[in-house]
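The values are calculated or read from the model by the stated rules, or taken from the named source; none is laboratory data. Worth saying up front: this structure is predicted, and the values here are computed from it rather than measured. A quick note on method: Cβ atoms are made from the backbone with ideal geometry, for glycine too, and the neighbour counts reach across all protein chains shown.
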Protein chains: 2
Amino acid sequence: MNKPLNRQVLLKARPSGIPKAEDFEIVESPVLEPIDGQIVVRNLFLSVEPAMRGWVSNVGNYSDPVPLGGVMRAFTVGRVVASRSTACAVGEIVTGMFGWQDYAVVDVSKIQRRIGEIDLPISTSLGVLGLNGLTAYFALLDIGQPRANETVVVSTAAGAVGSCVGQIAKIKGCRTIGITGGPHKTALCLNEFGYDVAIDYQAANLESEIAKACPNGIDVYFDNTAGEISDAVLKNLAVGARVIICGTASIASWSPAPLGPRVERHLLVKRARMQGFLIFDYADRYPQGLIALTEWVRSGAIRYREDILEGIESAPDAIAGLYRGENLGKRLIRVASV
Amino acid sequence: MNKPLNRQVLLKARPSGIPKAEDFEIVESPVLEPIDGQIVVRNLFLSVEPAMRGWVSNVGNYSDPVPLGGVMRAFTVGRVVASRSTACAVGEIVTGMFGWQDYAVVDVSKIQRRIGEIDLPISTSLGVLGLNGLTAYFALLDIGQPRANETVVVSTAAGAVGSCVGQIAKIKGCRTIGITGGPHKTALCLNEFGYDVAIDYQAANLESEIAKACPNGIDVYFDNTAGEISDAVLKNLAVGARVIICGTASIASWSPAPLGPRVERHLLVKRARMQGFLIFDYADRYPQGLIALTEWVRSGAIRYREDILEGIESAPDAIAGLYRGENLGKRLIRVASV
């Protein structure tokens, strides 16, 4: 291997809310030599997640924050270009938390998955066949427990997770209502992702739009937003409803927690449940989820959209762009060609 | 049977928040003659519940509101003094929703339970061996699912439900922390109900008091209050925590819902669950719960307190008194001697 330069996106400042372009900087340095047991991964696609806001935050979280000056933590998919491990061959396509950088020099144990589905685009391994699809699958089925003919409402319905949730709910025989932003995404919800109803959250009276779409109340609410969208949804729960707390995209900052209408009365009167979900708790069941998801993607039962930015230069502003709602589908950054 | 007068407590005005004495009036009228299938119950004890606030409210609830001019809905225990049903004999002691009145003329099917435990006071059938004990039993065990050595926090820890929750949690091997108001009730929590720690919610820094008492976080929170007490508790949840929403005693009015810190981030980071509980959903399992509770009361593993008011004249102000925190234990009104 020649000694290529490694471009890396470092966390320069600790954001209090949504990470901005100025919170990162791109630096170049030589790729390190692997030692015994290590591999060198040439990243092909870098993932961009709403959850990254939490990863760079000092507020209590499920993992330590990315250190200042450190490479931005990120899922990626890449090709192994050097290996000092018998457990991995040069040429394999692997996923892992290899960071926002061109090359990662890591222990072979850091491989999360070896990609064998060569009939499907490699990029899917970071989206519909990655944590987004797995999140939709386990959160909806395990926490939401939807039954046929129940009403399922999804916020960020056209997003990488939400679109998959809506389609899995449909596969399970549910009525699906998608909440999203703007006419383009509502059309996508109806025409591409098969929602029975799509609601623009910018509607004049969101609460009555939801009530009209859910005459028997909401049995499952898959919540990626929190905030005023959830306030309107929670007023329309059915008895025994399950609310899956998967993300809080509409909340600009949790430090301190913003105020909203207290939820206890909804939960009490409707004997409803709200439960937080973190995909990493399901790591030992990923293979089971991937078998189902891959089958559904192959058969066309699940469709997906990707929003692919070109070049590592687009990384610093990519998270803020998610929160501006500018992407349609899973946001990725292509840093090399397959 | 002579024709005694029936004193009845009627709902005179619809309260927007906590029902006050002026919202009720006491009227007298002759006891009606039972028709075929009916019994006449001479009430002995009338129950007073925090939930009565919901029963008289027009805000969405799990049952129709008590109509204006109607007898106040209430659980009671009484003696059958006349029967036109072969299914019930004069002299039986029965419970049911027989209302705040001296006499109830009802269909025999309205009997909820026939009291056979003559070794225990009849009043227990409305408290520790009634819906309070059953609420504690099913809400804690079914929704809370406490495991040995877990930390269980109870709000209104000295109350009719809370005191029972704390003791059942102790029976299950948990560490129990009770939150209550004032030195008298904290002492009762420690000395009578066996809590490991009792915290006065009027403490200067409730959040740090809770954190100090729960160094490993809170696994189960049995919430009877909502409001600022819950805000402080939720900041101290352990991963995988279960929050049982059983009552909202600290909230003066739900119309409109008061504002509080949004809870989604707590639930997400801790993968915690909040779930509303209503005892009526467990009606077919009451016998199972009563067997366990009766055994624990007989053995002394569960202790209870009762706050017995004398005479139906004390009914109108009795609910407001609950919310003033003036009772120690289950509040009842004695309207006749056994």
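Miscellaneous remarks
- Looking at B:GLY54, B:GLY37, just one residue is of a type in the set (Gly, Ala, Ser) and more than 20 Å from the chain's Cα centre (by Cα), and that residue is B:GLY37.
- Among the candidates B:ALA198, B:ALA238, residue that is more than 10 Å from chain A (Cβ to nearest Cβ), under 28 Å from A:ILE279 (Cβ atoms) and assigned to a strand (DSSP E or B): B:ALA238
- Selection status of A:ALA89, farther than 21 Å from A:ALA249 by Cα and out of contact with any Cys (no Cβ under 6 Å at 6 or more places or on another chain): yes
- Within the stretch B:241-252, considering residues that are in a loop (DSSP other than H, G, I, E, B) and more than 8 Å from chain A (Cβ to nearest Cβ), the one nearest to A:LYS270 (Cα to Cα): B:ALA249
- Scanning the stretch A:1-25 for residues that are closer than 14 Å to A:ALA318 by Cβ and touching an Asp or Glu at 6+ places or on another chain (Cβ under 7 Å), we see that the one that is surrounded by the most Cβ atoms within 10 Å (Cβ to Cβ) is A:LEU11.
Listed here are the residues, each with its yes/no results for (1) within 19 Å of A:GLY99 (Cα to Cα); (2) in a helix (DSSP H, G or I); (3) out of contact with any Cys (no Cβ under 9 Å at 6 or more places or on another chain).
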{"site": "A:TRP254", "(1), (2), (3)": "no, no, yes"}
{"site": "A:LEU267", "(1), (2), (3)": "no, yes, yes"}
{"site": "A:ARG271", "(1), (2), (3)": "no, no, yes"}
{"site": "A:TYR286", "(1), (2), (3)": "no, yes, yes"}
{"site": "A:GLU313", "(1), (2), (3)": "yes, yes, yes"}
{"site": "A:GLY325", "(1), (2), (3)": "no, no, yes"}
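- Qualifying positions in the stretch A:94-114 - touching a strand residue (DSSP E or B) at 6+ places or on another chain (Cβ under 6 Å) and more than 21 Å from A:SER29 (Cα to Cα): A:VAL94, A:THR95, A:VAL108, A:LYS110, A:ILE111, A:GLN112, A:ARG113, A:ARG114
- Looking only at the stretch B:55-97, residues that are out of contact with any helix residue (DSSP H, G or I) (no Cβ under 8 Å at 6 or more places or on another chain) and not in a loop (DSSP other than H, G, I, E, B) come to 8 in all.
- A:GLY289 vs. criteria touching a residue at least 24 places away in the same chain (Cβ under 8 Å) and surrounded by fewer than 19 Cβ atoms within 10 Å (Cβ to Cβ): no
- Taken over the stretch A:145-163, the residue count meeting the criterion of being polar (S, T, N, Q) and either part of a loop (DSSP other than H, G, I, E, B) or not assigned by TED's automatic domain parsing to the domain that holds A:ILE199 (or both) is 3.
- Conditions (1) more than 10 Å from every other protein chain (Cβ to nearest Cβ); (2) modelled with pLDDT of 95 or more; (3) closer than 20 Å to A:VAL152 by Cβ: number failed by A:GLU310: (3)
- Candidates are the residues of the stretch B:210-229 that are assigned to a helix (DSSP H, G or I) and surrounded by fewer than 19 Cβ atoms within 10 Å (Cβ to Cβ); the one that is nearest to the other protein chains (Cβ to nearest Cβ) is B:GLU228.
- Considered as a group, the residues in the stretch A:257-280 that are facing chain B (nearest Cβ under 7 Å) and under 23 Å from A:LEU322 (Cβ atoms) include one that is surrounded by the most Cβ atoms within 10 Å (Cβ to Cβ), and that residue is A:GLY276.
- Count of the stretch B:248-270 residues which are among the hydrophobic types (A, V, I, L, M, F, W, C), touching a helix residue (DSSP H, G or I) at 6+ places or on another chain (Cβ under 7 Å) and at pLDDT below 95: 4
- Filtering the stretch A:55-111 to residues that are more than 14 Å from chain B (Cβ to nearest Cβ), aromatic (Phe, Trp, Tyr) and farther than 18 Å from A:SER123 by Cβ leaves only A:TYR103.
- The criterion of being away from chain A (no Cβ under 11 Å) and touching a residue at least 12 places away in the same chain (Cβ under 8 Å) does not hold for B:ARG324.
- Filtered by the rule that a residue be in a loop (DSSP other than H, G, I, E, B) and either modelled with pLDDT of 95 or more or more than 22 Å from A:MET72 (Cα to Cα) (or both), the stretch A:98-126 gives A:PHE98, A:GLY99, A:TRP100, A:ASP102, A:ILE111, A:ILE115, A:GLY116, A:GLU117, A:ILE118, A:ASP119, A:LEU120, A:PRO121.
- Restricting B:ARG271, B:ARG242, B:ARG265 to residues that are assigned by TED's automatic domain parsing to the domain that holds B:ARG175, farther than 20 Å from B:THR151 by Cβ and not hydroxyl-bearing (Ser, Thr, Tyr) narrows the list to B:ARG265.
- Yes/no for B:ASN205 being over 20 Å from the mean Cα position of the chain (by Cα) and at pLDDT below 95: yes
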